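One structure is given below, encoded as structure tokens.
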């Protein structure tokens, strides 16, 4: 069992790259679909796209180290940790942008009914004015 | 080498703290959703919260590895991101499905 887990952990960066590419494809589909068809807010997903790109770079570096193409001296482990720092910052930006959007939509919804009432009142007023006596 | 590992550990501690902050923001977003329509529209954030939890666990394993504690579980450093990506893909597929159903309505 431990041999299986060891081999799995050794090969993991390779299938992580494959999974990241699949995630790229799904995310691109999501962004394009939401933008074209529903015309909804896609900014948070763009942040996720950037985070995935950084994750892909990190995994490629790990694979290159695994195959001894580059050594730990060339790119130290601090780089990987820094990449993870950037990823989490991008995720925070993603959540914040979504929070702002929810607030904006809510304020829009609150302000809209008033406009409708005002429009109705204006219509009634104009009708009264234009009604022949 | 130990200096590098110390630096890595410190950066990963910062990442874990930021993950907790991101998790709290996610909770705030989920709690803000009041009606059923909003909850349905932003249901993906619950899945993303789970993804964030996995990310945090991965970082904690990284910290333990960097500070030379419980090195037996360091193999999880590469396996956890795989599950993270799988759940991320599932969340995005759900979101595409939701966008399609909203469009059809």
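Scanning for something over 20 Å from the mean Cα position of the chain (by Cα), touching a residue at least 24 places away in the same chain (Cβ under 8 Å) and surrounded by 19 or more Cβ atoms within 10 Å (Cβ to Cβ), does segment B:58-73 turn up at least one residue? Within segment B:58-73, one or more residues are over 20 Å from the mean Cα position of the chain (by Cα), touching a residue at least 24 places away in the same chain (Cβ under 8 Å) and surrounded by 19 or more Cβ atoms within 10 Å (Cβ to Cβ). Residues of segment A:1-25 that are within 7 Å of another protein chain (Cβ to nearest Cβ) and closer than 12 Å to residue A:60 by Cβ: A:13, A:16, A:20. The condition of being at pLDDT below 90, surrounded by fewer than 16 Cβ atoms within 10 Å (Cβ to Cβ) and in a helix (DSSP H, G or I) holds for only one of A:69, A:75, A:5, that being A:5. Taking the criterion of being closer than 30 Å to residue A:6 by Cα, without any contact (Cβ under 8 Å) to a residue 24 or more places away in the chain and out of contact with any strand residue (DSSP E or B) (no Cβ under 8 Å at 6 or more places or on another chain), would at least one residue in segment B:96-105 satisfy it? The answer is no; no qualifying residue exists. Annotation note: of B:21, B:83, the sole residue that is facing chain A (nearest Cβ under 10 Å) and surrounded by 15 or more Cβ atoms within 10 Å (Cβ to Cβ) is B:83.
Looking at this structure, is residue B:44 in contact with a helix residue (DSSP H, G or I) (Cβ under 7 Å, 6 or more places away or on another chain), surrounded by 13 or more Cβ atoms within 10 Å (Cβ to Cβ) and over 26 Å from residue A:9 (Cβ atoms)? Judged against the criteria, residue B:44 is a match.
With a requirement of 3 or more residues that are more than 29 Å from residue A:106 (Cβ to Cβ), the helices (runs of 4 or more DSSP H) lying completely within segment B:21-105 that satisfy it span B:44-66, B:76-104.
The values are calculated or read from the model by the stated rules, or taken from the named source; none is laboratory data. Predicted model only: the values in this text are computed from it and were never measured. Note: ideal-geometry Cβ built from the backbone for every residue, glycine included; neighbour counts use all protein chains shown.
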